[in-house]
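Chemist: Below you will find the structure I want to go over with you.
No lab work stands behind these numbers, since they all come straight from the coordinates. What you see is a predicted model, and the numbers here were worked out from it, not measured in a lab. A quick note on method: Cβ atoms are made from the backbone with ideal geometry, for glycine too, and the neighbour counts reach across all protein chains shown.
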Amino acid sequence: MNTPTAFTEMKKAQDILMEAIDKSARTNLESVQKLLELNKEGLSGLGEVSNPSDLIARQSAAFKEYAEHLSAHMEALAAIGTESREQLTELGQEFAKTMDFSSVFGMTEAPSKPKAKGAAKA
């Protein structure tokens with residue numbers, strides 16, 4: 001393997017990582033914006049509460065909405081992680097296929113072994 005190839009592969013790996021970081025940051029930002037909207041909606045609706053059971057029902061609905069949103073957010077982050085891991089694995093496998101350690105360690109190709117003299121004949 002030559003040096004430009006190694007740097008090219010490292011650049012690809014760096015690009016994959018930076019893309020995963022960017023996607024994660026954008027997903028987190030969208031999630032925070034959604035949670036702020038949910039808070040705003042929840043607080044604006046509290047002025048219309050007439051009895052305690054109505055308040056509890058609204059709070060339960062808000063908690064359910066938060067939980068659903070957070071679950072979807074975690075699934076999105078897990079998908080980003082899975083995608084980047086698959087890309088890095090594929091890149092690593094391609095990188096390993098092109099590696100040539102023979103020049104690094106002075107390895108030579110092993111001579112083929114002769115067949116055993118007492119091998120059974122068919």
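Chemist: Please compute the modelled spin-label separation between V32 and S44, points set 7 Å along Cα→Cβ, answer in nm with one decimal.
Modeler: It works out to 2.2 nm between the two label points.
Chemist: Still on this structure: Assuming 0.692 mPa s and 37 °C, estimate D for region 26-82 with Stokes-Einstein, Rh taken as the Kirkwood radius over Cα pairs, in µm²/s. Don't skip to the end; give the middle numbers.
Modeler: Values: Rh = 12.5 Å.
Translational diffusion coefficient: 262 µm²/s.
Chemist: If you place +1 on the Cβ of every Lys and Arg, -1 on the Cβ of every Asp and Glu, and leave all else neutral, what size is the dipole of region 3-99 about its Cα centre, to the nearest 20 Debye?
Modeler: Working: 10 positive and 16 negative charges, 39 e Å.
Dipole magnitude for region 3-99 comes out near 180 debye.
Chemist: Can I ask one more? Need the full-extension length gain, T82 to L17, defined as separation in residues times 0.36 nm minus the C-alpha distance. One decimal, nm.
Modeler: Length difference between fully extended and current span is 22.2 nm.
Chemist: Return the FRET efficiency for the residue pair S71, S24: r is the Cβ-Cβ distance, R0 is 22 Å, and the value is rounded to the nearest 0.05.
Modeler: For S71 and S24, the calculated efficiency is 0.85.
Chemist: Output needed: percent of Cα pairs per 5 Å distance bin for region 3-99, bins running from 0 to the one holding the longest distance.
Modeler: 2, 12, 15, 14, 11, 9, 9, 7, 6, 5, 4, 3, 2, 1, 0
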